[in-house]
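Where a number appears in this text, it was derived from the coordinates with a stated rule and is not lab data. If you're wondering where the values come from, they're calculated on a predicted model, not measured in any experiment. Because the Cβ atoms are built from the backbone with ideal geometry, glycine has one as well, and the counts that use them run over all protein chains shown.
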Amino acid sequence: MSRGKSTATVGFTAEERTAMKEHAQELKRQARRGSRADKAAEAERAVLAKIAEMPEADRIMAERVHAVVKAEAPMLAPKLWYGMPAYAREGKVVCFFQGADKFKARYATLGFNDPAKLDDGSMWATAFALTEVTAEVETRIAALVREAVG
């Protein structure tokens, strides 16, 4: 029998394993007792703390994305999702920000999940590469978020 990596972790990068562990911790935090308002406030504090930990380039973009989502879709609740800032409706993640550093990527990503109402025929984009959040990019993010919560 081989004494290499366990079969449970073969195929996952260290970053992916870390994201899975973060998600397990997020689920444990969500399961704790407390009022809905307390949980919402704790979730937003966790998102802001995660953004504050990011390298400068990712942090600047994540702060802008957070501000745009909060302004355009106040009904979305900030929460951590696999260690990333995400925004959910009725517990389901609508959109999320993935910093470039998260998986050692060339660019950050603004992603949308199934609850986002971005449908456009038989094919549509669900993720967008971000290298900088300019005024023009903020306008596009705002439009996407408004459409997503439709």
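Key figures
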| read-out | value |
| --- | --- |
| Helix-only CD estimate at 222 nm, as mean residue ellipticity for the chain, using -39500 (n - 2.57) per DSSP H run (n ≥ 4) | -15000 deg cm²/dmol |
| Links that overshoot a 22 Å alpha carbon limit, given the list 28/117; 39/70; 21/92; 70/104; 50/102; 39/117 | 28/117; 70/104; 39/117 |
| Surrounding net charge for residue 62, when Lys and Arg each add one and Asp and Glu each subtract one, Cβ distance under 11 Å | -1 |
| Net charge, residue 126 excluded, C-beta distance under 13 Å - Lys, Arg +1, Asp, Glu -1 | -3 |
| Helical segments meeting 20 Å axial Cα length and Kyte-Doolittle 0.0 threshold in the chain (DSSP H) | 135-149 |
| Euclidean distance between Cα centres, the range 100-150 to the range 8-38, Å | 23 |
| Sequence-separation-based contact order of the chain, relative, with Cα cut under 8 Å and 6+ spacing, percent | 20 |
| Stokes-Einstein D for the chain, Kirkwood Rh over Cα pairs, 25 °C, 0.890 mPa s (µm²/s) | 150 |
